[in-house]
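The values are calculated or read from the model by the stated rules, or taken from the named source; none is laboratory data. All of these numbers come straight from a predicted model, not from anything done at the bench. Glycine gets a Cβ as well: all are built from the backbone with ideal geometry, and neighbour counts include every protein chain shown.
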Amino acid sequence: MLSRFLPKDCNFFDLFDKQAKYAADAAAYFQDLVTQGKLDEIAIQKMKDIEHQGDEVAHEIINRLNKTFITPFDREDIHFLAKELDDIIDMIHTITNRLKVYKLEKVDKNLVEFAEVIRKSVQAVGCAVRGMRNMKQTKDVLNACVEVNSLENIGDFMRDKMLAELFEAAKNDPILVIKWKEIYQDAETVLDVCEDVAHVVESILVKNA
Amino acid sequence: MLSRFLPKDCNFFDLFDKQAKYAADAAAYFQDLVTQGKLDEIAIQKMKDIEHQGDEVAHEIINRLNKTFITPFDREDIHFLAKELDDIIDMIHTITNRLKVYKLEKVDKNLVEFAEVIRKSVQAVGCAVRGMRNMKQTKDVLNACVEVNSLENIGDFMRDKMLAELFEAAKNDPILVIKWKEIYQDAETVLDVCEDVAHVVESILVKNA
Amino acid sequence: MLSRFLPKDCNFFDLFDKQAKYAADAAAYFQDLVTQGKLDEIAIQKMKDIEHQGDEVAHEIINRLNKTFITPFDREDIHFLAKELDDIIDMIHTITNRLKVYKLEKVDKNLVEFAEVIRKSVQAVGCAVRGMRNMKQTKDVLNACVEVNSLENIGDFMRDKMLAELFEAAKNDPILVIKWKEIYQDAETVLDVCEDVAHVVESILVKNA
């Protein structure tokens with residue numbers, strides 16, 4: 001219980017939980033959007049709002065970090081964690097935005113599949129982040145990290161399969177290839193960033209073991 | 001006035017000003033080039049020279065950092081600032097080079113628009129960097145940072161609009177889509193990096209407040 | 001000889017040598033593959049195995065770093081070096097995988113040329129990394145770093161030339177442009193990462209001079 005060393009008004013754990021919560025919101029809403037093929041202005045705005053809220057928490061973490069002398073774990077880990085959680089939300093927002101800009105508004109079964117893996121991974125990330133509060137009970141955290149790693153492997157495999165199929169199916173429509181190739185690669189990048197978060201959480205556990 | 005604590009021959013502020021100046025030179029010259037559609041070998045070489053000069057200042061900052069015990073602000077911030085200012089110049093150089101390699105030598109009104117926003121943003125970055133010398137008079141610095149953030153938002157919007165139009169206008173010319181899509185995304189990346197610089201400058205101010 | 005200050009079971013230099021060795025293995029095997037146009041399942045699996053072994057060394061370095069109080073050089077440099085060496089291997093693995101996914105299985109003379117430059121650069125990186133053991137005999141290390149920088153410049157030039165030719169030669173086959181453009185840019189990225197490694201090694205030398 002490192003958190004007891006911290007003054008109440010400066011609780012990094014609460015802020016990270018909040019940030020992980022916005023990441024989970026973004027991932028869940030993304031799954032909704034792509035499953036329903038509902039990409040109107042309201043949906044885009046709602047995703048933008050989530051991204052903006054996540055951004056504010058990230059800034060709050062950095063600001064507090066800059067004003068705080070004693071931190072619950074290494075300063076650079078706090079910085080990196082805040083940045084990476086922010087990147088998860090940013091990337092999900094970017095994909096949503098791109099679907100709109102590229103006019104890819106119909107349901108795509110590949111992206112539905114990716115959205116499910118992303119939601120699971122971001123959920124596991126949230127579990128890992130929450131678990132950092134109690135660094136002596138690491139089993140759940142480590143399980144969550146293992147899940148994030150395994151979902152990243154699945155994502156790699158999915159992206160490769162989808163790209164191979166895309167190059168076949170759309171070989172007469174290069175513009176479509178350009179658009180979906182970027183979307184699938186972005187979707188896999190979300191899982192990469194989740195894995196980076198899992199690695200830093202594992203690092204923090206090792207250091208505080 | 002933190003700068004008085006530093007020996008004259010080791011002034012990081014002077015070096016950062018110099019680096020910001022090269023970034024401003026690159027942005028101004030880029031605006032010239034794309035406005036006049038003048039991308040001959042001489043222009044490419046001149047941009048390469050600016051990039052090379054910027055590179056040398058970046059290396060000098062890192063070298064001095066490695067040999068200096070007392071720094072005017074956190075070592076990692078100095079490192080990050082030098083790297084990001086270098087990235088601004090690199091990215092502008094990369095775009096210029098790509099225009100040549102991709103034979104996109106005619107004036108493009110979108111890129112002219114981007115070049116203007118980039119020039120303004122790099123100028124505001126220079127203002128923020130110069131302002132760090134006097135960390136008690138933060139108003140101008142903070143205003144410059146706000147401007148950089150706002151120009152980044154404008155850039156996001158511009159890129160989205162341009163990409164949507166490009167996919168319509170060039171739907172029968174996928175090669176052209178490939179080329180301009182990368183250029184517009186690169187142009188927006190310059191503004192992202194400027195925003196990163198603004199964030200680190202704000203961080204430095206908070207820590208030294 | 002900083003290495004004598006370290007307990008035998010905690011030798012970062014040995015681990016970095018091991019990591020650099022896997023990077024060299026990846027680069028050499030990559031050259032074999034693209035020279036022979038032999039991209040079957042066995043080849044893909046072998047490259048994946050190298051990547052996996054490299055990954056394990058990277059994790060071991062980070063784990064030991066997290067458990068070690070006294071390190072032979074700055075903690076952040078150890079972290080960065082492990083990450084960048086890992087990125088070299090990852091990137092070579094990614095390109096190999098992409099060639100398979102994109103069905104680019106025939107010998108391409110451009111990629112053969114790149115593979116040779118990559119092999120040389122990764123070899124020089126290995127030489128620089130090995131040389132860090134003895135920070136007083138820096139001549140070989142600095143020579144290796146100069147070679148890495150010069151190979152990166154050559155790579156930039158090669159990529160530009162290859163892209164310009166590709167846009168001409170395949171102007172009626174945009175799908176082919178999409179595929180090879182990404183491969184050539186990835187190949188050049190390997191050289192960029194090698195250059196980053198060279199820079200951090202130079203930094204470490206300066207700090208410990």
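Data overview
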item	result
Number of positions in the range A:166-194 that are under 16 Å from A:Ala82 (Cα atoms) and surrounded by fewer than 20 Cβ atoms within 10 Å (Cβ to Cβ)	1
Any hit, the range A:141-161, residues being surrounded by fewer than 22 Cβ atoms within 10 Å (Cβ to Cβ) and closer than 26 Å to B:Asp173 by Cβ	no
Sole residue being part of a helix (DSSP H, G or I), more than 14 Å from every other protein chain (Cβ to nearest Cβ) and under 16 Å from the mean Cα position of the chain (by Cα), chosen from C:Ala43, C:Ala23	C:Ala23
Scope the range A:53-70; condition closer than 22 Å to A:Val125 by Cα and more than 11 Å from chain B (Cβ to nearest Cβ); matching residues	A:Gln53, A:Gly54, A:Glu56, A:Val57, A:Glu60, A:Ile61
Evaluation of C:Phe73 against (1) farther than 30 Å from A:Ala164 by Cβ; (2) within 13 Å of another protein chain (Cβ to nearest Cβ); (3) not in a loop (DSSP other than H, G, I, E, B) (one fails), failing number	(3)
Of all residues making up the range B:122-170, the number that are within 14 Å of chain A (Cβ to nearest Cβ) and either among the small types (Gly, Ala, Ser) or part of a helix (DSSP H, G or I) (or both)	22
Residues that are away from chain B (no Cβ under 14 Å) and not aliphatic (A, V, I, L, M), drawn from the range A:171-201	A:Tyr184, A:Glu188, A:Thr189, A:Asp192, A:Cys194, A:Glu195, A:Asp196, A:His199
Top-ranked residue in the range C:34-62 [being surrounded by 14 or more Cβ atoms within 10 Å (Cβ to Cβ) and either within 26 Å of B:Arg75 (Cβ to Cβ) or of a type in the set (Lys, Arg) (or both); ranked as modelled with the lowest pLDDT]	C:Ile62
The range B:171-198: number of residues that are in contact (Cβ under 8 Å) with a residue 12 or more places away in the chain and either outside any helix (DSSP H, G or I) or within 30 Å of B:Met135 (Cβ to Cβ) (or both)	10
Any hit, the range A:33-42, residues being of a type outside the set (D, E, K, R) and within 24 Å of A:Ala128 (Cβ to Cβ)	no
Residue check, B:Asp90 charged (D, E, K, R) and either in contact (Cβ under 8 Å) with a residue 24 or more places away in the chain or surrounded by 19 or more Cβ atoms within 10 Å (Cβ to Cβ) (or both)	yes
In the range A:66-87, residue surrounded by the fewest Cβ atoms within 10 Å (Cβ to Cβ) [restricted to those that are touching a residue at least 40 places away in the same chain (Cβ under 8 Å) and touching a Ser or Thr at 6+ places or on another chain (Cβ under 7 Å)]	A:Asp77
A:Asn63, sole failed condition from (1) in contact (Cβ under 8 Å) with a residue 12 or more places away in the chain; (2) over 22 Å from B:Leu166 (Cβ atoms)	(1)
Residue among C:Asn11, C:Asn97 that is of a type outside the set (Gly, Ala, Ser), free of Cβ contacts under 8 Å to residues at least 60 places away in the same chain, surrounded by fewer than 22 Cβ atoms within 10 Å (Cβ to Cβ) and closer than 30 Å to A:Asp77 by Cβ	C:Asn11
Residues of the range A:29-40 satisfying the condition of being under 27 Å from A:Val57 (Cα atoms) and in contact with a Lys or Arg (Cβ under 6 Å, 6 or more places away or on another chain)	A:Gln31, A:Leu39
Unmet criterion (only one of (1) surrounded by fewer than 16 Cβ atoms within 10 Å (Cβ to Cβ); (2) more than 28 Å from B:Lys103 (Cβ to Cβ); (3) without any contact (Cβ under 8 Å) to a residue 60 or more places away in the chain; (4) within 11 Å of chain A (Cβ to nearest Cβ)) for B:Lys207	(3)
Filtered residues of the range A:88-121 (kept if more than 14 Å from every other protein chain (Cβ to nearest Cβ), out of contact with any Leu (no Cβ under 9 Å at 6 or more places or on another chain) and in a helix (DSSP H, G or I))	A:Ile88, A:Ile89, A:Ile92, A:Lys109, A:Val112, A:Glu113, A:Glu116, A:Arg119
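Per-residue answers, yes or no, for (1) charged (D, E, K, R); (2) at pLDDT below 95:
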| position | (1), (2) |
| --- | --- |
| A:Glu105 | yes, yes |
| A:Glu113 | yes, no |
| A:Ala128 | no, no |
| A:Leu142 | no, yes |
| A:Met158 | no, no |
| A:Phe167 | no, no |
| A:Asp173 | yes, no |
| A:Ile183 | no, no |
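Conditions (1) in contact with a Cys (Cβ under 8 Å, 6 or more places away or on another chain); (2) closer than 29 Å to C:Ala164 by Cβ; (3) not hydrophobic (A, V, I, L, M, F, W, C), marked per residue:
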{"site": "B:Arg119", "(1), (2), (3)": "no, yes, yes"}
{"site": "B:Gln123", "(1), (2), (3)": "no, no, yes"}
{"site": "B:Gly126", "(1), (2), (3)": "no, no, yes"}
{"site": "B:Glu147", "(1), (2), (3)": "no, no, yes"}
{"site": "B:Phe167", "(1), (2), (3)": "no, yes, no"}
